[in-house]
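Here's the structure, in structure tokens; my notes come after.
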Amino acid sequence: MRQPMTEEESCWLENTHLRVQVLPAQGGGLGRFEWLGRDVAFPLLRPYRPALADNSAAFDPNRLACYPLVPWSNRISCGGFDFAGTSVALSPNCPGEPYPIHGSGWRRAWTTQSHTANEVQLVLDERAPDAYSYRAMLTYALRGDSLEIELCVTNTGDAALPFGLGLHPFIALHDGVTLHAPAARVWQNDGLSPLPLENVPVPSDWDFRQPKVLPNEVLNHCFLSWPGKATVHWPQQGLRLHVVADVDAFLLYTPHDADFFCFEPVDHPIDAVHLPGGPLAHGMTALAPGECLCRHFVFRVEDIGRGGPREPTA
């Protein structure tokens with residue numbers, strides 16, 4: 001049987017409001033993110049679920065509460081891409097996925113650079129001669145009622161390449177949850193694959209410019225242009241989770257029969273390297289060797305009380 005995770009593999013952050021479990025060796029991700037303002041700790045993200053399989057089972061990052069997306073987000077088709085005379089080869093990196101997905105950082109062991117009661121900094125050095133070589137820095141910090149996350153990447157390769165960053169949180173699907181995430185457009189797909197086909201006005205059932213319950217269907221789509229502010233509201237618990245990021249797109253994934261949904265702030269849509277106009281026209285950033293890109297994310301909890309105002313559900 002797989003051995004349980006030891007305390008040495010975890011970095012805990014805690015203040016009077018929040019508690020966070022960071023798992024450096026498990027993709028640099030989070031195991032737990034909890035609100036401590038009540039008698040019982042309240043999970044804001046779905047807690048980490050260790051695999052129960054035998055020793056042959058590899059670690060599955062999708063059991064985490066959240067993980068970083070570096071050096072790109074979601075899927076890339078065609079086995080890679082060409083950029084400014086450089087060919088990048090990318091192979092599928094996740095069981096059951098026909099395309100490489102979410103970059104490489106989420107499947108690597110990160111190293112802890114520093115750790116205090118309220119902050120931890122991780123580093124990852126990735127070397128892939130025919131793909132992305134980079135150094136990533138990931139900082140988690142508790143500041144009052146907020147978890148602040150900084151994700152930076154430096155191109156350590158020999159050629160300029162398009163880079164993109166994001167986060168992949170699994171938000172706890174407590175009863176009655178609503179989402180407020182203004183975006184006027186969405187990349188449609190064929191319903192079989194999340195690869196984008198057409199940029200269209202957001203349908204009314206998917207329009208979160210006003211708070212709304214999640215649709216009763218599977219979504220796996222990129223929404224834009226997002227102003228970088230969203231709110232998850234759990235009315236029965238009287239809590240709101242405010243998400244602020246310096247990116248202008250988000251992925252929304254709503255699987256059937258799950259106890260979570262994914263709201264992923266990102267700086268580029270799915271398969272941006274193959275969209276018309278190329279990756280730089282769709283939010284990715286060209287980094288020459290030695291250049292760096294940073295993105296910032298804040299998750300702030302607001303306790304409005306169980307008797308607080310409720311938002312519309314349609």
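Of note:
- Which numbered condition Pro50 misses (of (1) modelled with pLDDT under 95; (2) out of contact with any Lys or Arg (no Cβ under 7 Å at 6 or more places or on another chain)): (2)
- Among the residues of the range 100-116, the ones that are more than 16 Å from the chain's Cα centre (by Cα), within 13 Å of Leu23 (Cβ to Cβ) and in a loop (DSSP other than H, G, I, E, B) come to 2 in all.
- Some residue of the range 248-255 being under 23 Å from Gly96 (Cα atoms), touching a helix residue (DSSP H, G or I) at 6+ places or on another chain (Cβ under 6 Å), surrounded by 13 or more Cβ atoms within 10 Å (Cβ to Cβ) and touching a residue at least 24 places away in the same chain (Cβ under 8 Å): no
- In the range 89-108, residue most open to solvent (accessible area, probe 1.4 Å) [restricted to those that are over 30 Å from Glu148 (Cα atoms) and out of contact with any Asp or Glu (no Cβ under 7 Å at 6 or more places or on another chain)]: Pro95
- Within the range 265-278, being on the phi < 0 side of the Ramachandran plot and open to solvent by 10 Å² or more (accessible area, probe 1.4 Å) holds for Val273, His274, Leu275, Pro276.
- Contacts under 7 angstrom Cβ, first residue in the range 128-151 being closer than 30 Å to Asp303 by Cα, partner open to solvent by 10 Å² or more (accessible area, probe 1.4 Å) and of a type in the set (Phe, Trp, Tyr), 6 or more apart: Leu138/Trp110
- Residue ID - surrounded by the fewest Cβ atoms within 10 Å (Cβ to Cβ), chosen from residues in the range 27-40 that are part of a loop (DSSP other than H, G, I, E, B) and modelled with pLDDT of 95 or more: Leu36
- The residues on offer are Gly37, Gly29, and the sole one that is touching a helix residue (DSSP H, G or I) at 6+ places or on another chain (Cβ under 9 Å) and not acidic (Asp, Glu) is Gly29.
- Evaluation of Cys78 against (1) open to solvent by less than 50 Å² (accessible area, probe 1.4 Å); (2) outside any strand (DSSP E or B); (3) at pLDDT 95 or above (one fails), failing number: (1)
- Test: residue in the range 195-206 that is at negative phi, under 20 Å from the mean Cα position of the chain (by Cα) and not aromatic (Phe, Trp, Tyr): yes
- Condition met for Val186 (closer than 19 Å to Asp271 by Cβ and outside any loop (DSSP other than H, G, I, E, B)): yes
- Only listed residue being of a type in the set (Gly, Ala, Ser), buried (at least 18 other Cβ atoms within 10 Å of the Cβ) and in contact (Cβ under 8 Å) with a residue 12 or more places away in the chain, chosen from Gly176, Gly157: Gly157
- Any hit, the range 117-128, residues being under 20 Å from the mean Cα position of the chain (by Cα), surrounded by fewer than 21 Cβ atoms within 10 Å (Cβ to Cβ), aliphatic (A, V, I, L, M) and not in a loop (DSSP other than H, G, I, E, B): yes
The values are calculated or read from the model by the stated rules, or taken from the named source; none is laboratory data. Treat the numbers as computed from the prediction; the structure is a model and nothing was measured. Backbone-built Cβ (ideal geometry, glycine too); neighbour counts: all protein chains shown. Side chains are part of the model used for accessible areas, which takes the heavy atoms of the whole protein and leaves out ligands, DNA and RNA. Shrake-Rupley method; radii C 1.70, N 1.55, O 1.52, S 1.80 Å.
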